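Each remark here refers to the structure printed beneath this line.
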Amino acid sequence: MTAQARHGSPNHKSPVTIVKLGGSLSPRIAEIVTVLRSTHRPLLIVPGGGTFADEVRQSEAGTNADAAHWMACAAMDQYGWMLSAQGIGITTKIARPRDTCVLLPYCALRRYDPLPHSWDVTSDTIAAWVAGRLGGDLLVLKSVDGIEAAGKFMARIESPVATDVVDPCFIPYVLEHRIRTFILNGTNPARISRWLRGEQVRGTGIGTTF
């Protein structure tokens, strides 16, 4: 099997799978949510910040790092409410869900305040923190197939690499905390469905193999 067509399938013995749904995928959320709801096991969806977080970046003059951090976390809740409009439930608790639902993370983040207040930490690393707390696998849906380094597609990453696909803290965090992670192109709902069924698909695995 070539690096172009490998690998990654979820650990069906894992207590929960966390799905980070990136803001860049907002035009496709109806079909993505349909696929996520069709799986036979509950998923906890962590929303990106999307255009709501972009507005924070563009208007952060006059704020400080703490204010910008919490505004960006609140932006994740806004995108989460957008996802909920597709008929999916919501939760504010970091716990194993009984049914697939969207996490509105702001209140939990305010309670635990687990990560640095910096644009080096975005919803990517926040999703990794959630997965780490629950001991679950992490599926990261982006609008690209995975991570490239030096012009080469990376089917697997076992040490930090420079990339703009995820935030700068994400890969070191995932590796340090041994979170089973797979990055997949969310614009291809059929590929998401295959991954959820345990099939091998194109994408980038980080750390422990699936």
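The values are calculated or read from the model by the stated rules, or taken from the named source; none is laboratory data. Since the model is a prediction, treat every value here as computed from it, not as a measurement. Note that each Cβ is placed from the backbone with ideal geometry, even for glycine, and that neighbours are counted across all protein chains shown. SASA here: full protein model, heavy atoms, side chains in, ligands and nucleic acids out. Shrake-Rupley method; radii C 1.70, N 1.55, O 1.52, S 1.80 Å.
Normalised by the residues of segment 110-210, what does the relative contact order come to in percent, with Cα pairs under 8 Å and at least six apart?
Values: 158 pairs, mean separation 32.8, N = 101.
RCO, segment 110-210: 32 percent.
I need the calculated FRET efficiency for the pair Ala85 and Ser38, taking r as the beta carbon distance and R₀ as 25 Å, to the nearest 0.05.
With R0 = 25 Å, the Cβ-Cβ based efficiency is 0.90.
A straight line joining the Cα centroids of segment 34-63 and segment 144-194 runs 17 Å. For the chain, carbon and sulfur atoms together expose 49% of the accessible surface, with a 1.4 angstrom probe and every protein chain in place.
Subtracting the Cα-Cα distance from 0.36 nm times the residue separation, let me have the gained length for Arg96 to Thr63 in nm, one decimal.
On the way: separation 33, 0.36 × 33 = 11.88 nm, distance 3.52 nm.
Result for the pair: 8.4 nm of gain on full extension.
Computed on segment 104-151, the Cα convex hull volume stands at 119 Å³ per residue. Remark: accessible surface ordering of Trp119, Trp195 (largest first) is Trp119, Trp195, probe radius 1.4 Å. Think of segment 25-108 as a dipole: +1 on every Lys or Arg Cβ, -1 on every Asp or Glu Cβ, centred on the Cα centre; then among Leu43, Ala74, Val102, Leu43 lies furthest on the positive end.
Solvent-accessible surface of segment 93-141, averaged per residue with a 1.4 angstrom probe and all protein chains in place: 44 square angstrom.
Within the same chain, aspartates and glutamates fewer than 8 places from Lys93 are excluded, and of the rest, those with a Cα less than 13 Å from its Cα are Asp77.
Taking only the alpha carbons of segment 162-210, we obtain Rg and Dmax values of 11.8, 31 Å in that order. Based on alpha-carbon atoms, the Kirkwood radius and the radius of gyration of segment 93-210 give Rg/Rh equal to 0.95. Taking amide hydrogens as placed 1.01 Å from N in the peptide plane, the amide H of Val140 sits under 5 Å from those of Lys20, Phe182, Ile183, Leu184, each at least 5 positions away in sequence or on another chain.
Ordering Ala162, Tyr173, Gly132 by Cα displacement along the dipole of segment 72-191 toward the positive end leaves Gly132 in first place; charges were set at the Cβ atoms of Lys, Arg (+1) and Asp, Glu (-1). For the pair Lys152 and Arg178 in one chain, pulling the backbone fully straight at 0.36 nm per residue adds 6.9 nm over the alpha carbon distance.
Only one item in (1) 1.22; (2) 0.95; (3) 1.03 matches Cα Rg over 2.2 N^0.38 Å derived from the coordinates shown, and that item is (2). Our summary gives the chain a relative contact order of 31 percent, counting only alpha carbon pairs under 8 angstrom and 6 or more residues apart.
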